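Undergrad: Sharing a structure below in structure tokens format, with a few things to ask.
The values are calculated or read from the model by the stated rules, or taken from the named source; none is laboratory data. A quick note: this is a predicted structure, and the numbers were derived from the prediction, not measured. Here the Cβ positions follow ideal geometry from the backbone for every residue, glycine too, while neighbour counts run over all protein chains shown. These area figures cover heavy atoms from the full protein model, side chains too; ligands, DNA and RNA do not enter into them. Shrake-Rupley method; radii C 1.70, N 1.55, O 1.52, S 1.80 Å.
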Amino acid sequence: MPYARSGRSGLLLPRISLGLWNNFGDDRAFETQRAILRRAFDLGVTHIDLANNYGPPEGAAERVFGRVLSADLRPYRDELVVSTKAGYLMWPGPYGDHGSRKYLLASLDRSLERMGLDYVDVFYSHRPDPETPIEETMGALAHAVRSGKALYAGISNYDPEQTRSAAAALAAEGVPLLIHQPRYNMFDRRIEHGLLPVLDEVGAGAIVFSPLAGGLLTRRYLDGIPADSRAAVGRWFTEQAITPEYLERARALDAIAADRGQTLAQLALTWVLRHRQVTSALIGASSVGQLEDSLQAATAAALTDDELAAIEPFAVDGSGR
């Protein structure tokens with residue numbers, strides 16, 4: 001597994017990291033989740049990304065990780081980078097959502113308890129809160145770092161101007177902005193419109209989520225809609241996403257991948273990693289086999305100019321939506 005430095009920091013992250021967003025929780029067999037985490041670590045995936053609301057239900061992914069940490073990974077804590085986030089609804093009432101100091105720090109304590117950790121390596125503001133001053137939200141992250149409950153501070157889902165403001169607010173607290181976690185894939189290219197140069201400006205790296213567009217940038221839908229797929233279930237998108245335009249683009253990208261000796265998923269990961277600002281790509285995995293397939297992208301040959309030009313007409317914002 002190759003590693004890359006996150007922005008202007010001393011922290012190296014694996015080029016592909018494991019996110020516990022969709023496939024970790026009480027609705028799946030624990031031993032399957034345990035096997036994925038163990039295999040990922042054995043293959044050099046030292047970064048595990050969580051959030052307080054990952055599940056289902058909310059908090060379940062952190063509890064699962066805590067069980068695996070206790071059973072298997074505790075001796076390797078210093079070889080792991082564990083992150084969590086707060087910013088979405090977690091409990092009733094006015095103090096269980098968004099970006100207040102009260103919510104963020106209470107949530108971090110709950111996350112540490114669920115995982116059985118004394119600290120996380122990265123604590124994120126999961127989304128900007130338009131009703132809370134950025135100085136308060138970033139001040140809470142800085143407090144988490146100063147208290148030793150987090151080693152680094154990060155943000156997720158912030159636009160370019162919000163990123164500048166967050167970095168400035170953290171800098172005023174004497175804490176650098178380590179990392180930004182935006183959504184990025186061939187069918188969602190918004191970070192190319194202003195965020196990447198801002199990351200250079202503030203010295204932060206990016207770890208991109210949904211690099212496979214929730215499965216749209218795999219072969220999952222090229223020959224129909226499986227009954228157990230996200231499109232069929234309708235959790236993140238519906239069968240209406242599988243349009244003729246989407247299929248034309250995905251099949252063309254699949255052919256380009258085949259010419260490179262890659263799967264479509266591997267090509268999609270290689271493509272997001274091409275930017276120097278992108279430190280790592282976050283993948284999910286529902287099986288060890290799926291994990292192993294995706295991780296091959298970490299050591300794939302870089303895309304040539306001709307290959308990038310061939311991809312461009314099919315990497316269209318909004319495909320599958």
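Undergrad: Starting from the 7 Å offset along Cα-to-Cβ, what nm value, one decimal, do you get for the label separation of E192 and L80?
TA: 3.7 nm
Undergrad: Around R8, with a cut-off of 12 angstrom between Cβ atoms, what is the net charge of the other residues, counting Lys and Arg +1 and Asp and Glu -1?
TA: Once all neighbours under 12 Å are counted, the net charge is -1.
Undergrad: Could I ask something else about it? With 10 Å bins from zero, work out the P(r) of segment 61-199 over every alpha carbon pair and list the percent per bin.
TA: Reading the bins upward from 0: 12, 40, 33, 14, 0.
Undergrad: Now, a different point. Restricting things to alpha carbons, find the Rg to Rh ratio for segment 231-321 using the Kirkwood radius for Rh.
TA: Here Rg/Rh amounts to 0.97.
Undergrad: Got a sec? Charge dipole of segment 60-188, +1 on Cβ for Lys and Arg, -1 for Asp and Glu; which of A169, S70, H180 is way out at the positive end?
TA: Projecting each Cα onto the dipole axis, the largest value belongs to S70.
Undergrad: Translational diffusion coefficient of segment 1-121 at 37 °C, 0.692 mPa s, Stokes-Einstein with Kirkwood Rh over Cα pairs, in µm²/s as a whole number.
TA: Rounded to a whole number, D works out at 221 µm²/s.
Undergrad: Then there's this: Leaving out ligands, DNA and RNA but keeping every protein chain, what accessible area does D27 have, in Å² rounded to the nearest 10, with a 1.4 Å probe?
TA: 90 Å²
Undergrad: If the elastic network links every pair of Cα atoms under 10 Å, which of P182, P244, P197 fluctuates the most in the Gaussian network model of the chain?
TA: In the Gaussian network model the winner is P244.
Undergrad: Using only the alpha carbons of segment 140-219, determine the length spanned along each of the three principal axes and report them from longest to shortest in whole angstroms.
TA: 46, 25, 15
Undergrad: How large, in percent, is the carbon and sulfur part of the accessible surface of the chain at a probe radius of 1.4 Å?
TA: C and S fraction of accessible area: 50 percent.
Undergrad: Among T243, L264, L282, whose Cα sits farthest toward the positive end of the charge dipole of segment 242-287 (+1 at Cβ of Lys/Arg, -1 at Cβ of Asp/Glu, about the Cα centre)?
TA: Among T243, L264, L282, the one farthest towards the positive end of the dipole of segment 242-287 is L282.
Undergrad: Which cross-chain or sequence-distant (5 or more) residues have an amide H under 5 Å from the amide H of I16, H modelled 1.01 Å from N in plane?
TA: A281
Undergrad: Summing -39500 (n - 2.57) over the DSSP H runs of n ≥ 4 in the chain and dividing by its residue number, what mean residue ellipticity at 222 nm do you reach, to the nearest 500 deg cm²/dmol?
TA: One gets -10500 deg cm²/dmol as the mean residue ellipticity at 222 nm.
Undergrad: About its Cα centre, what dipole magnitude does segment 262-321 give when the only charges are +1 on Lys and Arg Cβ and -1 on Asp and Glu Cβ, stated in debye to the nearest 20?
TA: So the dipole magnitude of segment 262-321 works out to roughly 220 debye.
Undergrad: What number does the chain give for Rg over Rh if you use C-alpha atoms and the Kirkwood radius?
TA: Checking Rg against Rh, the ratio lands at 0.95.
Undergrad: I would also like to ask the following. What spacing in nm lies between the two simple spin-label points modelled at R321 and V288, each 7 Å away from Cα in the Cβ direction?
TA: Computed distance between label sites R321 and V288 equals 3.6 nm.
Undergrad: May I ask which residue of S107, A51, N157 lies farthest towards the positive end of the charge dipole of the chain, with charges of +1 (Lys, Arg) and -1 (Asp, Glu) on Cβ and the Cα centre as origin?
TA: S107
Undergrad: Rounded to the nearest 5, what is the percent of antiparallel bridges among the DSSP beta bridges in the chain?
TA: Antiparallel: roughly 15 percent of the beta bridges in the chain.
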